[in-house]
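**Student:** Pasting a structure here, questions to come.
The values are calculated or read from the model by the stated rules, or taken from the named source; none is laboratory data. Everything numeric here is computed off the predicted structure, so don't read it as measured data. Every residue, glycine among them, receives a Cβ derived from its backbone with ideal geometry; neighbour counts consider all protein chains shown.
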Amino acid sequence: MELLSALERELQQLDEKSLRRRLRVAETPCAPHVTVDGRDMLAFCSNDYLGLASHPLLVEALREGALHYGVGSGASHLISGHSRAHALLEERFAEFLAPHLESPRALYFCTGYMANLAIVSALAGRDADLFSEELNHASLIDGARLSRANLHVYPHGDTEALEGLLKNSKAKNKVVVTDSVFSMDGDLAPLPALLALCEQYGACLVVDDAHGFGVLGANGRGALEHFGLRSPYLVYMGTLGKAAGVGGAFVAAHETVIEWLIQRARPYIYTTAAAPALAHALMASMDIIGGAEGAARRAHLDALIAQLRGALKLQRWELFPSHTAIQPVIIGPNDETMRAAGVLYEQGFLVPGIRPPTVPPDTARLRVTLSAAHTAQDVGALASAVNLLETFA
Ligand SMILES: Cc1ncc(COP(=O)(O)O)c(C=O)c1O
């Protein structure tokens with residue numbers, strides 16, 4: 001078949017450029033010590049920043065949720081799939097983000113990818129001007145394509161460039177979208193300056209806090225708490241498969257925005273609601289994030305970040321200036337990056353090599369992520385292995 005041979009050729013080209021991706025099978029729960037493809041490994045690759053993905057209280061809450069609600073929702077939210085578990089969780093998110101939003105309401109989504117498609121396509125219609133940060137996550141980029149709005153991509157962190165674009169915009173509806181913590185670099189968007197511009201030019205600011213929710217801020221409320229922001233212009237998206245340890249996502253914003261999403265967001269309307277048991281488990285996750293245990297886990301994670309940054313002594317490779325749990329080691333060439341990831345793998349460390357198109361050409365990297373479930377010994381062992389590897393690479 002013509003299609004199959006064309007695909008084979010393309011796949012071969014991926015191999016030649018060291019760009020072919022491979023699936024690995026994990027046989028144990030998400031934790032620092034995992035068994036992958038039958039090998040025991042020390043993992044630095046999950047986004048389980050607080051170490052909640054296999055927390056006994058969450059496992060118990062999921063079991064309890066399944067006993068109470070069953071295992072499937074059976075329908076989309078607007079038909080009959082919207083359970084009490086979803087409704088309670090949404091109230092909890094609205095309350096949690098209340099210090100940062102006006103008249104807040106929240107909506108729970110199956111995934112962050114779908115939440116981003118929903119927000120961008122429902123808020124920015126054909127006549128809107130959409131301003132998207134250069135390094136935004138793929139789901140925001142795909143949302144922009146789906147929206148058919150006039151798309152303006154502004155350079156990474158460049159608020160002056162954004163202001164130039166906003167100034168020239170004649171559109172009544174202006175939407176700025178940005179990641180808060182950039183997923184491949186770990187740095188933070190200049191949210192206070194972005195919000196000030198949005199308020200000045202009457203644009204709404206969509207913040208994708210996938211890597212900040214639960215981790216940033218004294219109470220784990222995320223990037224808005226970290227920067228002390230509050231505004232009716234904010235539309236906040238937090239994912240729940242990372243620090244919250246379960247899965248799904250939520251959008252919190254002014255109640256009118258949420259009502260509009262319920263009416264118009266196709267990735268919300270035309271899909272079966274997530275299992276109510278997941279929403280029930282997320283309530284246990286929220287108890288931990290907002291309580292003393294969450295604060296202790298965030299403090300431990302901060303100590304591990306400082307330890308890793310102090311222990312890595314790199315000459316040719318570059319430790320990106322990030323103060324979040326995402327600590328990328330930039331190597332550059334794809335083949336050298338994949339060799340480094342391969343040697344670490346052989347030594348029992350699971351650290352993903354990230355290549356284009358996920359990151360710009362010539363900036364392939366080891367994406368190290370830390371979790372509160374790691375110990376200081378785990379981090380020390382990784383730092384020694386990476387230091388040695390760079391010397392002999
Ligand atoms: C910045 C960012 N936004 C959105 C998503 C999508 O979230 P989800 O995995 O829940 O689909 C991710 C990662 O998966 C992400 O890193």
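**Student:** Can you give me the ranges of the strands (runs of 3 or more DSSP E) entirely in the stretch 128-201 with at least 3 residues that are surrounded by fewer than 22 Cβ atoms within 10 Å (Cβ to Cβ), more than 16 Å from the ligand (Cβ to nearest atom) and not hydroxyl-bearing (Ser, Thr, Tyr)?
**Tutor:** Once the strands (runs of 3 or more DSSP E) in the stretch 128-201 are filtered for at least 3 residues that are surrounded by fewer than 22 Cβ atoms within 10 Å (Cβ to Cβ), more than 16 Å from the ligand (Cβ to nearest atom) and not hydroxyl-bearing (Ser, Thr, Tyr), what remains is 150-154.
**Student:** Turning to a different aspect of this structure: (1) within 16 Å of the ligand (Cβ to nearest atom); (2) aromatic (Phe, Trp, Tyr); (3) within 20 Å of Ser231 (Cβ to Cβ): which one isn't true of Tyr113, the others all being true?
**Tutor:** (3)
Yes or no, residue by residue, for (1) at pLDDT 95 or above; (2) in the same structural domain as Ala124 (by TED's automatic domain parsing); (3) touching a helix residue (DSSP H, G or I) at 6+ places or on another chain (Cβ under 7 Å); (4) over 21 Å from Gln327 (Cα atoms):
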site: Ala171; (1), (2), (3), (4): yes, yes, no, yes
site: Val175; (1), (2), (3), (4): yes, yes, yes, yes
site: Leu195; (1), (2), (3), (4): yes, yes, no, yes
site: Ala203; (1), (2), (3), (4): yes, yes, yes, yes
site: Val215; (1), (2), (3), (4): yes, yes, yes, no
site: Gly220; (1), (2), (3), (4): yes, yes, yes, no
site: Ala223; (1), (2), (3), (4): yes, yes, yes, no
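**Student:** If a residue must be surrounded by 14 or more Cβ atoms within 10 Å (Cβ to Cβ), farther than 30 Å from Ile289 by Cα and of a type outside the set (A, V, I, L, M, F, W, C), how many such residues does the stretch 301-332 contain?
**Tutor:** Residues in the stretch 301-332 being surrounded by 14 or more Cβ atoms within 10 Å (Cβ to Cβ), farther than 30 Å from Ile289 by Cα and of a type outside the set (A, V, I, L, M, F, W, C): 2 in total.
**Student:** Within the stretch 110-127, how many residues turn out to be within 21 Å of His152 (Cα to Cα) and not in a helix (DSSP H, G or I)?
**Tutor:** 4
**Student:** Any chance the stretch 222-245 includes a residue that's away from the ligand (no atom under 14 Å from the Cβ), in contact with a Phe, Trp or Tyr (Cβ under 7 Å, 6 or more places away or on another chain) and not in a helix (DSSP H, G or I)?
**Tutor:** The answer is no; no qualifying residue exists.
**Student:** Give Ala66, Ala87 a once-over and let me know the one that is among the aliphatic types (A, V, I, L, M), in the same structural domain as Arg230 (by TED's automatic domain parsing) and touching a residue at least 60 places away in the same chain (Cβ under 8 Å). Can you show your working first?
**Tutor:** Details: Ala87 fails: touching a residue at least 60 places away in the same chain (Cβ under 8 Å).
Only one candidate passes the filter, namely Ala66.
**Student:** Given the condition surrounded by fewer than 23 Cβ atoms within 10 Å (Cβ to Cβ) and either within 16 Å of the ligand (Cβ to nearest atom) or over 30 Å from Ala196 (Cα atoms) (or both), answer yes or no: does some residue in the stretch 248-260 qualify?
**Tutor:** no
**Student:** Would you mind telling me which numbered condition in (1) in a strand (DSSP E or B); (2) closer than 22 Å to Leu216 by Cβ Arg297 fails?
**Tutor:** Failing condition for Arg297: (1).
**Student:** While we're looking at this one, here's another question. Going residue by residue through the stretch 86-109, is there one that turns out to be within 30 Å of Ala299 (Cα to Cα), in a helix (DSSP H, G or I) and basic (Lys, Arg)?
**Tutor:** So far as the stretch 86-109 goes, yes, one or more of its residues are within 30 Å of Ala299 (Cα to Cα), in a helix (DSSP H, G or I) and basic (Lys, Arg).
**Student:** Here's another thing I want to ask about it. Mind listing just one residue for me: the one in the stretch 92-110 that is touching a Pro at 6+ places or on another chain (Cβ under 9 Å) and surrounded by fewer than 22 Cβ atoms within 10 Å (Cβ to Cβ) and, of those, farthest from Thr256 (Cα to Cα)?
**Tutor:** Cys110
**Student:** When you check Leu107 against the structure, is it touching a residue at least 40 places away in the same chain (Cβ under 8 Å), within 16 Å of the ligand (Cβ to nearest atom) and within 24 Å of Glu293 (Cα to Cα), yes or no? Working first, answer last.
**Tutor:** Numbers: touching a residue at least 40 places away in the same chain (Cβ under 8 Å): yes; within 16 Å of the ligand (Cβ to nearest atom): yes; within 24 Å of Glu293 (Cα to Cα): no.
Here the answer is no, as Leu107 does not meet what is asked.
**Student:** Evaluate the following for Leu11: is it in contact (Cβ under 8 Å) with a residue 40 or more places away in the chain, out of contact with any Phe, Trp or Tyr (no Cβ under 7 Å at 6 or more places or on another chain) and on the phi < 0 side of the Ramachandran plot?
**Tutor:** Values: in contact (Cβ under 8 Å) with a residue 40 or more places away in the chain: no; out of contact with any Phe, Trp or Tyr (no Cβ under 7 Å at 6 or more places or on another chain): yes; on the phi < 0 side of the Ramachandran plot: yes.
No, not satisfied.
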